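The values are calculated or read from the model by the stated rules, or taken from the named source; none is laboratory data. In this text the structure is predicted, and so the values were computed from the model without any measurement. Heads up, the Cβs are rebuilt from the backbone with ideal geometry, glycines too, and the neighbour counts pull from every protein chain shown. Accessible surface areas use protein heavy atoms only, side chains included; no ligands, DNA or RNA. Shrake-Rupley method; radii C 1.70, N 1.55, O 1.52, S 1.80 Å.
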Amino acid sequence: MLTADISRKDSPAVGAVPSLRTAANLFIGGYVALMAWEIWARVLTPWIIGGPLEPPGLVISLVQAWTGYELSLPTATAAHFVVGIFGYPIAYYVVSRFLPRWEAILTAGVWIAFTLFLAVMAVKGSLTGAMAAFWGVVTAVSALCFLPLPRRFVACLAWGSFTWFNALGIFAPLAGLPFLLIEWGGDLSFMSYVGHVIFGFVAAWVFEMLEAGEWPVRAA
């Protein structure tokens, strides 16, 4: 597969120090993306798998696993909103402006970790057809990040995929939950994957459009 061209004109500035305008654009992107996530997680996901995605539950489990303290649901929900609106956008800025070829690094890392994990499940005889199909979706999305597509699209897609792995591949195990939640059947993990791709893509896309002065589009 071809690697994305990182020298294109639509590439973000590297190593730039954020201004107040940039910070505002980051948080606007985070807010818009979080609203898209909430629609997917709380409205569409229950129609598909019978129940919503519950990031506050992960926050509660993570804090309890490391401190022994059980957060209230309102507090955990507030933490979820802070992370979505401020935390992830700030992380995106740091990664996209200071880590060369970050799209390829993060995308390859997510795909390799997911593939190796499913390979182990296959050896154990616990891999299902649905999990294999899930791998196919992740592989197809990951492959897009290595095609000669517009840099902005590749960056947003790569960031969306990484936010899923960060939540369920890093924080879920730290909270004492199964890696990627795959052991719970895979449907919850898949819906989370789609939701995080939407969230990360929208957050990065809105931010980059605002930074470039291309959004909102004014009527002629």
For the range 36-131 the trypsin sites (Lys or Arg not before Pro) that pass both the DSSP coil test and the at-most-13 other-Cβ-within-10 Å test are Arg101
Kirkwood radius from Cα pairs of the chain plugged into Stokes-Einstein at 20 °C, 1.002 mPa s, gives D in µm²/s equal to 118 µm²/s
Any helix of the chain counts here only if DSSP assigns it H throughout, its Cα atoms span 24 Å or more along the axis, and its mean Kyte-Doolittle hydropathy is at least 0.5, and such helices are 20-39, 102-124, 187-211
Sorting Trp111, Trp47, Trp184, Trp215 on solvent-accessible surface, 1.4 Å probe, most exposed first, gives Trp47, Trp184, Trp215, Trp111
FRET efficiency for Ile48 and Ile90 from the Cβ-Cβ distance with R0 = 30 Å, rounded to 0.05, comes out at 0.45
Measuring from its Cα centre, the chain shows a charge dipole (+1 at each Lys and Arg Cβ, -1 at each Asp and Glu Cβ) which, in debye to the nearest 20, is 440 debye
Out of Gly186, Gly200, Gly68, a Gaussian network model of the chain with alpha-carbon springs under 10 Å gives the largest mean-square fluctuation to Gly68
If R0 = 30 Å, then Phe27 and Ser72, at their Cβ-Cβ distance, give a FRET efficiency to the nearest 0.05 of 0.75
